[in-house]
Each structure stands twice: as structure tokens, then as C-alpha cells.
Amino acid sequence: MKPKYKRILLKLSGEALMGADAYGINRQTITEIVDEVKSVVDLGVQVGVVIGGGNIFRGVAPAATGMDRAQADYMGMLATVMNALALQDAMRAIGMMARVQSALIIEQVVEPYIRGRAIRGLEQGRTIIFAGGTGNPFFTTDTAAALRGAEIGAEIVLKATKVDGIYSADPKKDPHAVRYDRISFDEVILKNLAVMDATAFALCRDQKLPINVFSLLKPGALKRIVLGEQEGTLVYC
């Protein structure tokens, strides 16, 4: 089947890498995630990935209590670099071509984020993993995903979560919560449906960049979205 999208931006939370562990990286989980990504790369889809750092920062969060916010945010950015390296290693282990670009300059470990180089890498069939968030404190990795998605010309941002879309309320707390198949950016912001932060939503809305929120726990969900099937919730302009 022909993919609906030629280039996508996949947003992974750091927590997604933990599996059932309290924090850190679960090797089996990261292998399963990489297999899902490979299934769409094999279709000829160009994939950029933005990774969070919550799984690592969670382990040091108690020590960060009361810490200067900017300092804590830089620690979180460094955690995303560690996750990106783990993701790259898992991809290379199954024969995928992957590069890490970081908004923080750590040239001994990863190359710096350069838009043109990232786009060339995507065109050459490499999966580009964007680390370091936006490189600035006070901005989340959701905002980094929206920013990188717009910069590289992605056709959609795919946000992988632990739930299968956007609900009218927290489905764990409200048994009557309804899942949306489609919802507009304006409605998401008006109803304060906090799946991504407001800055990320506003940036994607302004750039007319749709977002699909889906469950990372459903095997094959990523591939189904890329092929144009209904999966999770589509946020549209």
C-alpha cells in the first residue's frame, strides 16, 4: 500500500522508554518501539523523531526540588540526549540508518542541529533523532516536536502516548469520557484538552500542521496512521 505521508515527525515521551520500570530505559520496550518505526521507514517514509527525557529525569527529580527552573530544564535536555543515543543504538542494531542531532552543542557525542543537514539526511533515508528539546529552558519537548516538524516540512506530527487518543475527560477518572476521532485545534485549546502544551498546539495550528495522537501500546498503530487509516485522534486546522 502507498503511504499517505512522505515525511512525518514522531514525538516520543521519555516515559515511553521505561516500559514497566520505575525509570530508566527498558531494552525490550525500546526494541519494540524501534521495530514500529522501522515498519514505516520500510515503506519509504521519512521519519524525524523528537524524544523526551522524563524517564531519566524522574530518577533525579527529588534532588531537583527547589532547583532553579532553567537549571532543571537543562538537566532534562541532557536526559533527552541520553535517550536519543539509546534510540540510535537500537535502530542501528536492526540495520536502520539513524543520526542524532542536538539543540545543545555536544560535538564529541552528537552532531549539532542543522536544519539543512537534517533534511538531507531524511532524503537519504536516514531516521533523524532530534535531542536537546529546543535548546532553551521553559519550553517542553512537545514544543520542540512542533518546531522541528515545521522546520523539516513534515506533513504531520504523530504524538505517541499511553492512551489511544484525545478524550473529553481523563478516561481513568471518568468512565463516561468520550474519545474524539477528529477535533479542531481551536476546540482542543478552548476545551483545554491538555494532551500537548498550548505552545505546541498553537505553533502547529499556525503552521497548519496536523497532529495525530495515538497509543504507542497498540502494535501496528503507527503504520496504520501512515497508511491513512483511522487510529487515535486527528487534530486538524
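Scanning the range 30-52 for any residue that is in contact with an Asp or Glu (Cβ under 9 Å, 6 or more places away or on another chain), part of a helix (DSSP H, G or I), of a type outside the set (A, V, I, L, M) and in contact (Cβ under 8 Å) with a residue 12 or more places away in the chain turns up nothing.
Residues that are surrounded by fewer than 20 Cβ atoms within 10 Å (Cβ to Cβ) and farther than 16 Å from Glu155 by Cα within the range 203-237 comprise Ser215, Leu217, Lys218, Pro219, Gly220, Gln230, listed in sequence order. In the range 173-201, the qualifying residues are those that are at pLDDT 90 or above, closer than 25 Å to Lys6 by Cα and hydrophobic (A, V, I, L, M, F, W, C), and the one that is surrounded by the most Cβ atoms within 10 Å (Cβ to Cβ) is Ala200. Across the range 205-237, which residue is modelled with the lowest pLDDT among those that are under 16 Å from the mean Cα position of the chain (by Cα) and part of a strand (DSSP E or B)? Within the range 205-237, the match that is modelled with the lowest pLDDT is Ser215. Of all residues in the range 1-54, none satisfies the criterion of being among the basic types (Lys, Arg) and in contact with a Phe, Trp or Tyr (Cβ under 9 Å, 6 or more places away or on another chain).
Restricting the range 59-84 to residues that are over 25 Å from Tyr113 (Cβ atoms) and not small (Gly, Ala, Ser), the residue that is modelled with the highest pLDDT is Met67. If you go through the range 194-226 and pick out every residue that is at negative phi and either touching a Pro at 6+ places or on another chain (Cβ under 6 Å) or among the small types (Gly, Ala, Ser) (or both), you end up with 7. Applying the set (1) more than 21 Å from Pro219 (Cβ to Cβ); (2) touching a helix residue (DSSP H, G or I) at 6+ places or on another chain (Cβ under 7 Å); (3) of a type in the set (Val, Ile, Thr) to Ile105 leaves exactly one unmet item: (2). Of the residues making up the range 4-23, those that are surrounded by 16 or more Cβ atoms within 10 Å (Cβ to Cβ) and in a loop (DSSP other than H, G, I, E, B) are Tyr5, Ser13, Met18, Gly19, Tyr23.
Residues that are surrounded by fewer than 14 Cβ atoms within 10 Å (Cβ to Cβ) and of a type outside the set (Gly, Ala, Ser) within the range 161-172 comprise Lys162, Asp170, Lys172, listed in sequence order.
Sub-8 Å Cβ pairs linking a first residue in the range 83-101 that is without any contact (Cβ under 8 Å) to a residue 24 or more places away in the chain to a second residue that is small (Gly, Ala, Ser) and outside any helix (DSSP H, G or I), at least 6 apart or interchain, are Arg92/Ala98, ordered by first then second residue.
Here are some residues: Ala146, Ala202. Which one is in contact with a strand residue (DSSP E or B) (Cβ under 7 Å, 6 or more places away or on another chain), farther than 22 Å from Leu217 by Cα and not in a strand (DSSP E or B)?
Numbers: Ala202 fails: in contact with a strand residue (DSSP E or B) (Cβ under 7 Å, 6 or more places away or on another chain).
None of the others qualify; the one that does is Ala146.
Please count how many residues of the range 182-225 are touching a residue at least 24 places away in the same chain (Cβ under 8 Å), polar (S, T, N, Q) and farther than 16 Å from Glu36 by Cβ. The qualifying residues number 3.
The values are calculated or read from the model by the stated rules, or taken from the named source; none is laboratory data. What you are looking at is a predicted structure, and each value in this text was computed from that prediction instead of being measured. Heads up, the Cβs are rebuilt from the backbone with ideal geometry, glycines too, and the neighbour counts pull from every protein chain shown.
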